[in-house]
Amino acid sequence: MEVLLYTILTLCALGVLSAVILYFVAQKFKVEEDPRIDEVEKMLPGANCGGCGFAGCRGMADALVKQDDISALFCPVGGGDCMKAVAAYLGKSAPEKEPQVATVRCSGTCDKRPRTNEYNGAKSCAVASSLYIGQTGCAFGCFGFGDCVVSCAFDAIRMNPATGLPEVDPDKCTACGACVKACPKMIIELRKKWPKNRAVYVSCVSKDKGAVVMKACKAGCIGCGKCQKVCAFGAITIENNLAYIDPQKCKLCRKCVNECPTGAIVLAGMDPLPKAPKAPAAPKAAPAAAKEAPAAAQAARTPKSADAAPADAKGTAPVPEAAPKAAPAAAESAPSVAPKAPVSEAVPAVEKEVAPASPAVQEAAATGNAAEAPKTGGAAPEAE
């Protein structure tokens, strides 16, 4: 019994001595932690998505507390309101950043980007990108295996089976950037989030030349530069055969949307501008005027032929164009015939009957009569 009692007392003494030693060691080597870290961690959304650049919200809270300047730190999930609350608690200035949303820059649907082969490997974009360019002729397009969907912790991305492309829900997207990192083709970009989910962007990342792009995808950017010419704010640049719209400079004027010949510029949340009506084609009126000119010239020659064959006093019918050549010979062979009415007197009657169409025709007729009058007057004395 005594042995058992001594054993228990010895063990208790060793336990108490070890506890005392451990206490002094802990006090000697303890690490002081700012209690504000716990409070800041509670203010953060707790998603642990890594969008801030840290492994989790605990690392973000520690950085917010320890750094004097937190302008480079931002929680995309919590947004500006969360950062303002943290800054107010810590007595620091909160960084102000505009909200962003993930944007899929690819419009190569199944109809516009036909498949050229069939992939039978692992259904992963990362695995497929390490093997070849994809199932279509576009080396920059979306694989469609949904790595971005798997990486999203907020259920903000889904695959559309009709188009084979991922679609982002702007209301659920927190701009954490996980989908951007998961996409091997880098077709997902964090862009400025406009009110009412409006957006204007080039939905293509292909850097191939226009002919190659059109052969692989009917909705690709060919780098024609038409959108850049109509942009009045300098928001569009052309580099490596690809147009890019800067969301910081874009004013959503929508002029570039109507100018794009392939429809690579996507307009979301707004209606496109009405296209200006085409002006009537002016050259079509030129042939009609050309046809009227010979007609007017023909009308101008008609009174001259009528003047050359003067009507007699009884009002006989006018003679055809061949009659003027025979008129002088007839005047020489018949000198005893009573003098006919002067040509100058018969001309007005002919003008009224033949060419009342336009002043130009009447002027031409008068000019022809003046030329014929001396010829007729000179033939009469010879006949006498």
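Restricting attention to segment 136-152, which residues are more than 27 Å from the chain's Cα centre (by Cα) and not aliphatic (A, V, I, L, M)? Steps first, please.
At the first step, the residues of segment 136-152 found to be more than 27 Å from the chain's Cα centre (by Cα) are 145-147, 149-152.
The answer is F145, G146, D147, S151, C152.
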V101 vs. criteria in contact with a strand residue (DSSP E or B) (Cβ under 9 Å, 6 or more places away or on another chain), without any contact (Cβ under 8 Å) to a residue 60 or more places away in the chain and within 16 Å of C176 (Cα to Cα): no
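Matching residues to (1) in contact with a Lys or Arg (Cβ under 8 Å, 6 or more places away or on another chain); (2) part of a loop (DSSP other than H, G, I, E, B):
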| residue | (1), (2) |
| --- | --- |
| C12 | no, no |
| Q27 | no, no |
| A47 | no, yes |
| G50 | no, yes |
| A61 | no, no |
| F74 | yes, yes |
| G80 | yes, no |
| K92 | no, yes |
| E96 | no, yes |
Residues that are hydroxyl-bearing (S, T, Y) and within 28 Å of V101 (Cβ to Cβ), drawn from segment 116-163: S124, S129, T136, S151, T163
Residues of segment 110-142 that turn out to be part of a loop (DSSP other than H, G, I, E, B), surrounded by fewer than 16 Cβ atoms within 10 Å (Cβ to Cβ) and touching a Gly at 6+ places or on another chain (Cβ under 7 Å), as a count: 3
Cβ-Cβ under 9 Å pairs, at least 6 apart or on other chains, segment 247-261 side without any contact (Cβ under 8 Å) to a residue 24 or more places away in the chain, far side in a loop (DSSP other than H, G, I, E, B) and among the hydroxyl-bearing types (S, T, Y): none
Test result for I187, under 24 Å from the mean Cα position of the chain (by Cα), crowded, with 17+ Cβ neighbours inside 10 Å and modelled with pLDDT of 90 or more: yes
Qualifying positions in segment 111-136 - touching a strand residue (DSSP E or B) at 6+ places or on another chain (Cβ under 9 Å) and closer than 22 Å to V266 by Cα: R113, P114, T136
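Anything in segment 143-163 that is within 21 Å of A178 (Cβ to Cβ) and assigned to a loop (DSSP other than H, G, I, E, B)? List them, or say none. Write out each step before concluding.
To start, the set of residues in segment 143-163 that are within 21 Å of A178 (Cβ to Cβ) comprises 143-160.
The answer is F143, G144, F145, G146, C152, A153, F154, D155, A156.
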Filter result for the condition that a residue is within 16 Å of T103 (Cβ to Cβ), assigned by TED's automatic domain parsing to the domain that holds V127 and touching a Lys or Arg at 6+ places or on another chain (Cβ under 9 Å), over V168, V180, V230: V168
Matching option when the condition is touching a helix residue (DSSP H, G or I) at 6+ places or on another chain (Cβ under 9 Å), in a loop (DSSP other than H, G, I, E, B), under 30 Å from G56 (Cα atoms) and modelled with pLDDT under 95, among P247, P272, P170: P170
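The values are calculated or read from the model by the stated rules, or taken from the named source; none is laboratory data. Since the structure is predicted, the reported quantities are computational estimates derived from the model, not experimental observations. Positions of Cβ are generated from backbone atoms using ideal geometry, with glycine treated the same way; all protein chains shown enter the neighbour counts.
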